[in-house]
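The values are calculated or read from the model by the stated rules, or taken from the named source; none is laboratory data. As the structure is a computational prediction, the values presented were derived from the model and not from experiment. All Cβ positions, glycine included, derive from the backbone under ideal geometry; neighbour counts span all protein chains shown.
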Amino acid sequence: MHLLFRSVRITQRGSSHHGKRMDVRVRNGRLEELDEHLELGEAQEIVGHDLWMCPGWVDTCARFREPGHEFKESLRSGSEAAFRGGFTRVLLQPDTHPVLQSRGEVEAIHKLAQGLPVELYVAGALTRDLKGQEITEMFDLHRAGVRMFSQADAPMESARTLGLALQYARQVGCPVQIVPADQDLSRGGLMHEGQVSLRLGLKGIPDLAEHIQVMRDLAVLTYFGGQLHFTKISSAGSLKFIRQAREAGLDVTCGVTAAHLYHCDEDLERFETDYKLWPPLRALGDREQLRMGVLDGSIDVICSDHMPEDEQGKDVEFARAEYGIASLEVVFLLVHSVFQQEKELEKAIDAITSRPARRLGVEQARIERGQEAEFMVFDRGDYTRFDKDLCATRGVNIPYHGQSFAGRIRAVLHKKQTYLP
């Protein structure tokens, strides 16, 4: 395919073209030319009101449900959803059926992923069957290509087991990924504990449940060493503790979901099950602090936390509904809506491209002449009217049908494959 992007703003720190507006020619999956003005020739011309080009987005937390629940999402449908959403690299969580905890299971995923438009990585199970008691064969998993070890959303109650896992993971150079939540304080809760939960009459989950676990896990990290990544934090208090730990020299990073940057607990007023998330949407003040954390670098990563569900999982009363949003195809819209100023958007793009790639230990193609095309182009001057029926995901739990958002994805390229909506 031969494409010519007109007057596109390059956004990739480290690229010699960062911050410049240029014409960009792509032919046969490679960046052939970048200059102020290029002849069209036989290329397909792509123009816009305010085009930006950035590296393909990198997701550190997604579920494609295969093996076991392919009716909710398969590797193919999930990859197509990711590609349409601007993602070119995705880390899959291990809480499938069976759990991804052996070398053979990881290698099977990699084999099935060949030919898909995104690069799929596997977060190997941290503990056997994700029960938090016995660590997996971490050396074997690493040899199979595992980039992180994760408990997914399962609890990690044993501090000793976490410490041992951190030590083993450090030997192979991989981070340990945890979602912090004290089980006793969280048990039975349905949303954030606060004024909204009191008004709605729903049992709440206090932010203390997250704070206590963050403090405990940081203490374990201090004692045992290693690399720790809190994949989804939701509260201002947790961010404060993580900042302090980093200032003390600990190798700790953290992520936040796009939904937690866009929404707060007030969005649950109508009991919409698509907004039932884990961890729960917190108060407005927490959301503002999370946004500031992205801008000041305290939050390293923005992730999708893509969790596709079928109608049986979501079209039920709130208390019985499963957690999560099928979010890969809306992350761009949410992030672009939150970070409107150019400098803010640049920092958000760092948190969803270079920073997660660095934590995964992978290298993205640069936006330079001769490099493989691995990028997304979007138009800041256009808008998107979101149509759930046009999504590639099999997940039904996307709450934005019919809503209009600023910004529109114009192209995604990777592995010589192209998406032009």
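Only one of these is in the same structural domain as R21 (by TED's automatic domain parsing), among the aliphatic types (A, V, I, L, M) and closer than 21 Å to V118 by Cβ: L333, L390. Name it.
Values: L333 fails: in the same structural domain as R21 (by TED's automatic domain parsing).
Every option except L390 fails the conditions.
Against the condition within 30 Å of G104 (Cβ to Cβ) and either in a helix (DSSP H, G or I) or under 20 Å from the mean Cα position of the chain (by Cα) (or both), how does L166 come out, does it pass? Quick ask: steps written out before the conclusion?
Details: within 30 Å of G104 (Cβ to Cβ): yes; either in a helix (DSSP H, G or I) or under 20 Å from the mean Cα position of the chain (by Cα) (or both): yes.
Judged against the criteria, L166 is a match.
Condition (residue is in contact with a Ser or Thr (Cβ under 7 Å, 6 or more places away or on another chain), at positive phi and buried (at least 20 other Cβ atoms within 10 Å of the Cβ)) applied to region 377-398: is it met by at least one residue?
no
Out of the residues in region 210-248 that are of a type in the set (S, T, Y) and in a helix (DSSP H, G or I), which is surrounded by the fewest Cβ atoms within 10 Å (Cβ to Cβ)? Even if it seems obvious, please write down each step before you answer.
Here is the first cut: in region 210-248, the residues of a type in the set (S, T, Y) are 222-223, 231, 234-235, 238.
Filter again for in a helix (DSSP H, G or I), leaving 222-223, 238.
Working: T222: 13, Y223: 10, S238: 27.
Going through the qualifying residues, I end up with Y223.
Please verify whether region 51-58 includes one or more residues that are modelled with pLDDT of 95 or more and not in a strand (DSSP E or B). Steps first, please.
If we filter region 51-58 for residues that are modelled with pLDDT of 95 or more, which is where we start, we get 51-58.
With not in a strand (DSSP E or B) added as a condition, the list becomes 56.
Checking region 51-58: at least one residue is modelled with pLDDT of 95 or more and not in a strand (DSSP E or B).
Just name the residue that is nearest to V176 (Cα to Cα) out of those in region 103-155 that are of a type in the set (A, V, I, L, M, F, W, C) and part of a helix (DSSP H, G or I). Give the derivation first.
Within region 103-155, the subset of a type in the set (A, V, I, L, M, F, W, C) is 106, 108-109, 112-113, 116, 118, 120, 122-123, 125-126, 130, 135, 138-139, 141, 144, 146, 148-149, 152, 154.
Those left that are additionally part of a helix (DSSP H, G or I): 106, 108-109, 112, 130, 138-139, 141.
Details: V106: 17, A108: 22, I109: 20, L112: 25, L130: 13, M138: 11, F139: 14, L141: 13 Å.
Looking at the filtered set, the residue picked out is M138.
Where residues in region 401-419 are free of Cβ contacts under 8 Å to residues at least 24 places away in the same chain and not small (G, A, S), which of them is nearest to A82 (Cα to Cα)? Before you say what the answer is, go through the steps one by one.
So the first thing to find is which residues in region 401-419 are free of Cβ contacts under 8 Å to residues at least 24 places away in the same chain, and the list is 401-404.
In the following step, the residues that additionally are not small (G, A, S) were identified as 401, 403.
On the way: H401: 18, Q403: 20 Å.
The selected residue is H401.
Counting only residues that are without any contact (Cβ under 8 Å) to a residue 12 or more places away in the chain and assigned to a loop (DSSP other than H, G, I, E, B), which one in region 341-388 is nearest to the chain's Cα centre (by Cα)?
E363
Inspect region 64-80 for any residue being part of a strand (DSSP E or B), within 16 Å of the chain's Cα centre (by Cα) and crowded, with 24+ Cβ neighbours inside 10 Å and give the result as yes or no.
From region 64-80, those part of a strand (DSSP E or B) are none; that's our starting set.
Looking for residues that are part of a strand (DSSP E or B), within 16 Å of the chain's Cα centre (by Cα) and crowded, with 24+ Cβ neighbours inside 10 Å, one finds none in region 64-80, hence no.
Where residues in region 298-316 are more than 16 Å from the chain's Cα centre (by Cα) and in contact (Cβ under 8 Å) with a residue 40 or more places away in the chain, which of them is nearest to R359 (Cα to Cα)?
So in region 298-316, the residues more than 16 Å from the chain's Cα centre (by Cα) come out as 298, 309-316.
Now drop any that are not in contact (Cβ under 8 Å) with a residue 40 or more places away in the chain, which leaves 298, 309-311, 313-316.
On the way: S298: 14, E309: 28, D310: 32, E311: 35, G313: 32, K314: 33, D315: 36, V316: 38 Å.
Step by step, filter region 298-316, then rank; the result is S298.
R366: touching a Gly at 6+ places or on another chain (Cβ under 8 Å) and surrounded by fewer than 22 Cβ atoms within 10 Å (Cβ to Cβ), yes or no? If you could, list the steps in order and put the result at the bottom.
Values: touching a Gly at 6+ places or on another chain (Cβ under 8 Å): yes; surrounded by fewer than 22 Cβ atoms within 10 Å (Cβ to Cβ): yes.
So R366 fits the description; yes.
I'd like to verify a number: residues in region 300-330 that are within 15 Å of F271 (Cβ to Cβ), in a loop (DSSP other than H, G, I, E, B) and touching a Leu at 6+ places or on another chain (Cβ under 7 Å), how many?
1
If you go through region 269-287 one residue at a time, how many are assigned to a helix (DSSP H, G or I) and farther than 20 Å from L333 by Cβ? So that I can check it myself, show each step before the final result.
We begin by selecting, within region 269-287, every residue assigned to a helix (DSSP H, G or I); these are 273-275, 284-287.
So of that shortlist, the ones also farther than 20 Å from L333 by Cβ come out as 273, 284-286.
Count: 4.
Exactly one condition in (1) surrounded by fewer than 20 Cβ atoms within 10 Å (Cβ to Cβ); (2) out of contact with any Gly (no Cβ under 8 Å at 6 or more places or on another chain); (3) among the acidic types (D, E); (4) closer than 30 Å to P175 by Cα is not met by D350; state its number.
All conditions pass for D350, except number (1).
What number of residues within region 267-285 are surrounded by 15 or more Cβ atoms within 10 Å (Cβ to Cβ) and either more than 19 Å from the chain's Cα centre (by Cα) or hydrophobic (A, V, I, L, M, F, W, C) (or both)? Reasoning before the result, please.
Initial filter on region 267-285 (surrounded by 15 or more Cβ atoms within 10 Å (Cβ to Cβ)): 267-268, 271, 273-283.
In the following step, the residues that additionally are either more than 19 Å from the chain's Cα centre (by Cα) or hydrophobic (A, V, I, L, M, F, W, C) (or both) were identified as 267-268, 271, 273, 277-278, 281, 283.
Number satisfying all stated conditions: 8.
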